[in-house]
1. Note down all Cβ pairs under 6 Å where the first residue falls in the stretch 210-221 and is closer than 12 Å to Glu5 by Cβ, the second is surrounded by 12 or more Cβ atoms within 10 Å (Cβ to Cβ) and not polar (S, T, N, Q), and they're at least six residues apart or on different chains.
2. For the stretch 18-34, how many residues meet the condition of being more than 12 Å from the chain's Cα centre (by Cα) and touching a residue at least 24 places away in the same chain (Cβ under 8 Å)?
3. Go through Arg211, Arg176, Arg182 for me and flag whichever is closer than 22 Å to Ala54 by Cβ and surrounded by fewer than 13 Cβ atoms within 10 Å (Cβ to Cβ).
4. Return the residues of the stretch 199-239 that are polar (S, T, N, Q) and closer than 28 Å to Tyr160 by Cα; say none if nothing qualifies.
5. Filter the stretch 203-228 for residues that are over 28 Å from Gly116 (Cα atoms) and modelled with pLDDT under 95 and give the result.
6. Collect the residues in the stretch 110-131 that are closer than 23 Å to Glu19 by Cβ, crowded, with 16+ Cβ neighbours inside 10 Å and without any contact (Cβ under 8 Å) to a residue 60 or more places away in the chain, keeping them in residue-number order.
7. Within the stretch 152-173, is there a residue that is more than 18 Å from Ala81 (Cα to Cα), under 19 Å from the mean Cα position of the chain (by Cα) and not aliphatic (A, V, I, L, M)?
8. Going through the stretch 31-62 one residue at a time, which ones are of a type in the set (A, V, I, L, M, F, W, C), closer than 23 Å to Thr114 by Cα and touching an Asp or Glu at 6+ places or on another chain (Cβ under 8 Å)?
Amino acid sequence: MQLFELTLDSPEENLALDEALLEEAEAADAPRETLRLWESPTPVVVLGRSSQAASEVDLAACQERRVPVLRRTSGGAAVVAGRGCLMYAVVLSYRLRPALRALDEAHRLVLETTLGALRPLIGGVTRQGTSDLVLGEYKFSGNSLRCKQHSFLYHGTLLYDFALPLLDELLTMPPRQPDYRRSRPHRNFVANLPVGRPLLRDAIVAAWQARETGRDWPQARVRELVAARYSQSRWNLQR
């Protein structure tokens, strides 16, 4: 698996790069799998592909604080990213892993790989709901996926030193909740992992056996996606 540790200059470019890596793998003649790690230096709200912005986000608060509200290409609910939230993405090949065409198996493989990386560092981490990772009863990772014919993108958050009050300030209570949340507000539901970024990064890279290859990232396609989609309010706030 190839490793990209790359944070681009804008949140729009960073979302576009995840999608471009999926497209690149889909078009490749041979199976291509990638692990990408990045971390936004400033806060950004990221909606799921089918999220309704007005019901999941306090748009007035985001505007007042000048926090961009963008939409990713995968499903799930809105999240807030920023400093102290390590973002990861894996692009995996159905040609190498045909069993993962079953969505339950895709969730299981990726989340169990992440849990396997974390358990030597932190006790008490488990999976809850469809794609949440929790420490005790507190969520520290939300995840979503986007499927193509030959490849799929699975990406998510890993909170380790994030400003958690931002969640209550920028997000509303989600319209859909897993049972284990029990209607808790964000401040009583989400927590940071008690581990620093270097250890967290090394554990994830080792779990996926990812290696840097010096391969160029798809710069032209990222620019196209930003221009056509991620910089456009009709995409980001369409619902």
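The values are calculated or read from the model by the stated rules, or taken from the named source; none is laboratory data. Since the structure is predicted, the reported quantities are computational estimates derived from the model, not experimental observations. Backbone-built Cβ (ideal geometry, glycine too); neighbour counts: all protein chains shown.
1. Short answer, once both residue conditions are applied: Ala210/Met1; Ala210/Leu3; Ala210/Leu35; Arg211/Leu3; Glu212/Leu3.
2. 11
3. From the options Arg211, Arg176, Arg182, the qualifying one is Arg176.
4. Matches in the stretch 199-239: Gln209, Thr213, Asn236.
5. Asp216, Trp217
6. If the condition is that a residue be closer than 23 Å to Glu19 by Cβ, crowded, with 16+ Cβ neighbours inside 10 Å and without any contact (Cβ under 8 Å) to a residue 60 or more places away in the chain, then Val110, Leu111, Ser131 are the ones that fit.
7. Yes - at least one qualifying residue is present in the stretch 152-173.
8. Listed by number, the residues that qualify are Leu37, Trp38, Leu47.
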